[in-house]
Amino acid sequence: MKNLVFLAVLLFAFGSCKDSGSQSENGQDQSAETPQEFVSFGAQIDAENAIDAAAMMAVYADLKAGDTVAAKFQAPVNSVCKMKGCWMRLAVGEQEAFVKFKDYGFFVPKYLADVEVVVSGKAYVSKTSVDDLKHFAQDAGKPQEEIDAITEPELSLDFMADGVLVPASAITEEIEASPSETEGTLESEGTSESEGTSDSGATE
């Protein structure tokens, strides 16, 4: 009799542990399935099939001056124009991609930092003059001694974005009006993508 009671208790305990584990796994699955929310700037795009920063660096490595390639990638923000939010620099490997926005049709929040964004558009390389480098350094709020130290042009990894996705969790201040819109649009990963178009800064 004692053996039967012990067996019943053991089976009950095993069943409870199994149910608890199943609930935990179901909770994790539901969390994993929740799409990340983004605020969209510019053309409506989604995050599907965006390559990572390392893969984007490999794309740039194959480009030469005059080449242009359509791309969509996700990378960390290193800096943003402090004047208007009219450009940003994204980390790609040990280098940076200099991202501008098509026709200055939209800007991004100036305070973005320590966050990964998705950009879609055209990648190309170009030589940036000393004057332009100093201008961009001023926009980024660099100290004067750093600006004065710029004396040589640089080969720039450029990107003309027609659409940008910023994680909704990174939007901490009111979005300022841009030339063509008053605020970003809240999107999730299911948003349909618009194809990138050519810009005067990038040749086809």
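Please list the equivalent ellipsoid semi-axes of region 29-174, computed as the square roots of five times the alpha-carbon gyration tensor eigenvalues, in descending order and whole angstrom.
Working: eigenvalues 136, 71, 35 Å².
Equivalent ellipsoid of region 29-174: 26, 19, 13 Å, largest first.
Which cross-chain or sequence-distant (5 or more) residues have an amide H under 5 Å from the amide H of Ser79, H modelled 1.01 Å from N in plane?
Result for Ser79 returns Arg89.
Between Val130 and Ala168, what length comes free when the chain is fully extended (0.36 nm per residue of separation minus the Cα-Cα distance, one decimal in nm)? Each step should come with its number before you reach the end.
Working: separation 38, 0.36 × 38 = 13.68 nm, distance 3.60 nm.
The span from Val130 to Ala168 would gain 10.1 nm if fully extended.
The numbers here are math on the coordinates, done by the rules we state, and not lab data. Computed from a predicted model, the values in this text were never measured in an experiment.
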